[in-house]
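Novice: I'd like to ask you about the structure that follows.
The values are calculated or read from the model by the stated rules, or taken from the named source; none is laboratory data. Keep in mind that what you see is a predicted model, and the values were worked out from it rather than measured. Positions of Cβ are generated from backbone atoms using ideal geometry, with glycine treated the same way; all protein chains shown enter the neighbour counts. Calculation scope for accessible area: heavy atoms of the full protein, side chains included, ligands and nucleic acids excluded. Shrake-Rupley method; radii C 1.70, N 1.55, O 1.52, S 1.80 Å.
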Amino acid sequence: MNTTSVKAFGTEAKDKDLQLMQIERREVTPTDIEIDILYCGVCHSDLHTARNDWGGTKYPSVPGHEIIGRITKVGSAVTKFKVGDLAGVGCLVDSCRECESCKQNLEQYCLNGSTGTYNGKDPFLGGHTFGGYSEKVVVDEAFGLHIPENLDLKAVAPLLCAGVTTWSPLKHWDVKEGSKVAVVGLGGLGHMAIKLAKGLGANVTLFSRSPDKIQDALDLGADAVVISTYENEMKAVKGKFDLIIDTVPYDHDINPYISTLNISGTLVLVGYIGKMEDALFTPPMIGGRRSVAGSVIGGIKETQEMLDFCGEKNILPEIEMINMQNINEAYERMLKSDVRYRFVIDMQSLKN
Ligand SMILES: NC(=O)c1ccc[n+]([C@@H]2O[C@H](COP(=O)([O-])OP(=O)(O)OC[C@H]3O[C@@H](n4cnc5c(N)ncnc54)[C@H](OP(=O)(O)O)[C@@H]3O)[C@@H](O)[C@H]2O)c1
Ligand SMILES: [Zn+2]
Ligand SMILES: [Zn+2]
């Protein structure tokens, strides 16, 4: 298969900085689109992958799954897009399309394993997939997203992961006008969860460790902020929430949050992947039919619905633009929760 060499930013090992490298992109197949990448958001999962926090990272690793760009080529059978269109790519570039999950537009739960935008198995070139910290990406049109024309392009990028990852549980647990939703952690995912839940008409509370984020949370639309280390504030919200979306990336005790769920309420974990050290205390679960659940990103149809919803309501993340060359510094800031609230890379900086 013919390929083109493009510039990218990635890392050769878990303890190395990201740096300039060349990667290959396949020539478009009949159903592919080729996208010239304009902007790419920086997700905490990019950092987890680059540093092999979850194990299983294949190197060299080129992260990036919040991709926005313009189409430069289309394959002969493409119908959804034409050259010159804007397009987005999120966390998935393929799935089996035949299993029960895929048939229900739940490609993220593909029973045969969906293909991640990075660190996935590349069925075309062999090896693994490379993400959006690169000049171009080639993807099957079925996994391309349409971008609402009215939205500021730079800020759309984070919707493709942070947006849909919080949208999917909000929709699955039927959040609507008057629902009581709480969000744990005010970072990339957390701030989108607040905006999207407010957009759906919910009453929203933020749980944060950071008193210096209170005003920001209120400005983002939160109705209340609870500092999770203040016991009196935690007690005051006991039994209150229908749904809690927990975005914290590292191991933490979720028991204090479970008690703040309403009868039949659910705490859905979207952040930490791994074993939790604090055992679950079951009485609040059994005594109130409370659930602890998990959720991963969203399907393509659902991602398009979220983008269209954001287009209608003009919902966008708060972003800080960076150049590709500043990515290592951005990762260090992300580790200190010093992002207000999503970094977006101006990919022009890679091309210069
Ligand atoms: N399930 C999925 O499909 C999916 C998709 C995307 C990302 N993720 C994962 O979701 C997590 C969040 O991603 P993100 O991009 O939103 O990260 P982020 O921007 O770094 O935000 C995480 C927030 O969690 C809080 N936090 C950080 N470290 C903490 C700790 N040790 N204990 C308690 N709270 C802590 C902080 O908020 P406060 O300062 O307010 O406490 C921080 O701003 C990551 O692990 C990422 O890999 C999952
Ligand atoms: Zn992500
Ligand atoms: Zn499937």
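Novice: Need one number: nm distance between label points at residue 14 and residue 348, each 7 Å from Cα along Cα→Cβ, rounded to one decimal.
Specialist: That separation, rounded to one decimal, is 3.8 nm.
Novice: Moving to a separate point now. What is the distance in Å between the Cα centres of region 113-144 and region 165-203?
Specialist: Centre-to-centre distance over Cα atoms comes out at 29 Å.
Novice: At q = 0.12 Å⁻¹, what log₁₀ I(q)/I(0) does region 268-352 have when each alpha carbon counts as one equal point scatterer in the Debye sum?
Specialist: With one equal scatterer per Cα and no solvent, log10 I(q)/I(0) is -0.68.
Novice: Rg and Dmax of region 1-108, Cα atoms, in Å?
Specialist: 15.6, 43
Novice: For the chain, state the average projected area of the convex hull of the C-alpha atoms over all orientations, rounded to one decimal in nm².
Specialist: The number I arrive at for the chain is 17.1 nm².
Novice: Per 5 Å bin, what is the whole-percent P(r) computed from every C-alpha pair distance within region 179-313?
Specialist: P(r) for region 179-313, in whole percents per bin: 2, 10, 20, 23, 23, 13, 7, 3, 0.
Novice: As a test, work out the antiparallel percent of DSSP beta bridges whose residues both lie in the chain, rounded to the nearest 5.
Specialist: Once the DSSP bridges in the chain are tallied, antiparallel ones form about 55 percent.
Novice: Would you mind checking the radius of gyration and Dmax of region 96-212 based on alpha-carbon positions, in Å?
Specialist: Reported Rg and Dmax, both Å: 17.0, 49.
Novice: Once you have the Cα-Cα distance between residue 253 and residue 218, take 0.36 nm times their residue separation minus that, and quote the gain in nm to one decimal.
Specialist: 10.1 nm
Novice: Could you give the nm distance between label points at residue 263 and residue 153, where each point is 7 Å from its Cα heading toward the beta carbon?
Specialist: Here the modelled spin labels are 5.3 nm apart.
Novice: For region 79-141, just the Cα set please: Rg and Dmax, both in angstrom.
Specialist: My reading of the Cα-based Rg and Dmax gives 12.5, 35 Å.
Novice: From zero up to wherever the largest Cα-Cα distance of region 36-90 sits, split into 10 Å bins and tell me the percent of pairs in each.
Specialist: So the P(r) values, bin by bin, are 23, 36, 26, 16, 0.
Novice: Hey, any idea what the orientation-averaged projected area of the convex hull of region 272-311's Cα atoms comes to, in nm²?
Specialist: 4.7 nm²
Novice: Report the accessible area of residue 118, computed with a 1.4 Å probe over the heavy atoms of all protein chains in place, in Å² rounded to the nearest 10.
Specialist: Number for this one is 20 Å².
Novice: Let me have the relative contact order for region 72-231, percent, based on Cα pairs under 8 Å that are six or more residues apart.
Specialist: For region 72-231, the relative contact order is 15 percent.
Novice: On to the next question. What number, in percent, do you get for the relative contact order of the chain if the mean sequence gap of Cα pairs under 8 Å and at least 6 apart is divided by its residue count?
Specialist: 18 percent
Novice: Report, by chain and number, residues whose modeled amide H sits under 5 Å from the one on residue 347, excluding near sequence neighbours (fewer than 5 apart, same chain).
Specialist: Excluding prolines and chain starts, which carry no amide H, the hits are 39, 40.
Novice: Based on the mean of other beta carbon atoms within 10 Å per residue, what is the order of 53-64, 83-94, 19-30, 256-267, most packed first? Please list the in-between numbers first.
Specialist: Values: 53-64: 18.1, 83-94: 21.4, 19-30: 15.6, 256-267: 19.7.
Descending packing order for the listed peptides: 83-94, 256-267, 53-64, 19-30.
Novice: Continuing with this model, one more query. Just to check I understand the Karplus step: with θ = phi - 60° and J = 6.51 cos²θ - 1.76 cosθ + 1.60, what whole-Hz values come out for region 275-290, glycine and proline as x?
Specialist: Once rounded to whole Hz, the list reads 8, 9, 6, 7, 5, 6, 8, 7, x, x, 6, 5, x, x, 6, 8.
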